[in-house]
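Note sheet for the following structure.
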Amino acid sequence: MNDAISRPLILAMGLAFPAAHILLGIANLHRVAAIWPALVAMGVCLALMVLTTWPAEDRGMPRRHAVFAVIGVLVMDVLVQSTLPFVDHPGYAAWHCGAIQMLMVTVAIRKQIVAAWVGISMFAVLDFGGSLLHGLTPVDGLAMILTPVMWVAISHAVSKVFARCDVQIRANEASQRTSSARLAKEHASWVSHNEWVTELERKAKPLLSKIAARAIEERDRTSCLLLQDELRDQVRGRALATATVLRSARAARARGVAVEICDDRETDLPPAVLLEASTQLITVLDRAAGGLITARALPPGNDVAVTIFASDDALPDQEFYVEIRETGSSTSICPK
């Protein structure tokens, strides 16, 4: 919603409208008692137009600019009041009222509400007192300050509405992102489950058909045991049980290697850690000719994310142990 208060709108409020009031003041210079104070006030107004519209991040205005704007409008009011005629209504010779009005509105819509209210309030007090000193009635004095005060009040209200809408929009966007992430996770889980069921059916159905027909042979028994271990790896190994790791584990078991893959982490491994763990584990599995290989993903909070241990009673001097840390970039490998 803050985009509704665009840069062109700020320029219109802070440049175009005050410039129009300056032109009205120039056209009524013949009604003032002294020209030079009025011209100086116009110069101050031009400086404030540049100051209040100076670009800044997120349409906000620096606090020091707001302070200078408040001081500037008070100087403008004093200068113009000193030139206005007595008793007669000044008309557009009091051009500064409209200019100050738009300058304070610009300050307000640029997130300096307090400064805008301070400026317009002090202007109202000074201008109303000056009107009475110049012989105007209280009604005429109020008429000159009422519109500027109302404009600042309206700009304050609009800014508040926009701010509230921004909060609601951000809350809705956060809720939508959360819902989208949850739905995406559920969909990914559903797809993964369906793929796993399809793959399980493809692998297990031929063997189950042979078992049901009592046509199973010894080599089929070995295939059943290997498939059973592979399914166990998928359930217990989770993140560690990648497709390449499963193939290497199946081949290692076929050579007589005992393989255990366990994921106690319950959360996904960082990509760098998973890549390093898979590479190390596949290398160990492909080289093993017997013995035991254990790979374990540790729960979060440990410095070490994954451990891999390999031992073979036939080769006691070639035991292998590796720790893969949470960073994924550093590993600690030591022979036992």
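Please treat every number below as a calculation from the coordinates, not as lab data. Every value quoted in this text rests on a predicted model; they were computed, and no experiment measured them. Note that each Cβ is placed from the backbone with ideal geometry, even for glycine, and that neighbours are counted across all protein chains shown.
What the table below lists for this structure:
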item: Bins of 5 Å, starting at 0 and running to the largest distance - Cα pair percent for the range 1-157; result: 2, 10, 21, 23, 20, 12, 7, 3, 1, 0
item: CD proxy at 222 nm, helix term only [per DSSP H run n ≥ 4: -39500 (n - 2.57); per residue of the chain; nearest 500]; result: -22000 deg cm²/dmol
item: Excluding exposed DSSP-loop GluC sites (Glu not before Pro) (at most 12 other C-beta within 10 Å), longest clean stretch of the chain; result: 1-216
item: About the Cα centre, charge dipole magnitude for the range 121-239 (Lys/Arg +1, Asp/Glu -1 at Cβ), debye; result: 640
item: Student exercise, the range 219-336 dipole from Lys, Arg, Asp, Glu Cβ charges, in Debye to nearest 20; result: 440
item: Candidates Phe162, Phe320, Phe123, ranked by Gaussian network fluctuation over the chain, Cα under 10 Å, top entry; result: Phe320
item: Gap separating the Cα centres of the range 143-197 and the range 17-44, nearest whole Å; result: 46
item: More than 20 angstrom apart: percent of Cα pairs within the range 146-281; result: 67
item: Assigned charges on the beta-carbon of Lys, Arg, Asp, Glu; the range 1-159 dipole about Cα centre (debye); result: 320
item: Reciprocal of mean inverse Cα separation for the chain (Kirkwood radius, Å); result: 27.1
item: Relative frequency of Cα-Cα separations exceeding 25 Å in the range 98-205, percent; result: 55
item: Estimated FRET transfer efficiency when R0 is 51 angstrom, pair Ser192-Ala163 (beta carbons, to 0.05); result: 0.75
item: For Ala305, distant residues with modelled amide H under 5 Å away; result: Ile324, Arg325, Glu326
item: Top of Ala108, Ala94, Ala239 by mean-square fluctuation, Gaussian network on the chain, Cα under 10 Å; result: Ala239
item: Kyte-Doolittle mean at least -1.0 and Cα axial length at least 18 Å: DSSP H helices in the chain; result: 35-52, 63-81, 96-109, 113-133, 138-212, 271-287
item: 20 Å Cα-Cα reach of Lys111 towards aspartates and glutamates, excluding residues that sit fewer than 8 places from it in its own chain; result: Asp3, Glu57, Asp58, Asp166
item: Radius 13 Å from Cβ of Ala99, net charge of other residues (Lys, Arg +1; Asp, Glu -1); result: -2
item: Stretchable slack from Ala254 to Glu57, in nm (0.36 nm times residue separation minus alpha-carbon distance); result: 64.3 nm
item: Positive-end extreme of charge dipole, the chain - chosen from Leu225, Ala272, Ile169 (charges on Cβ); result: Ile169
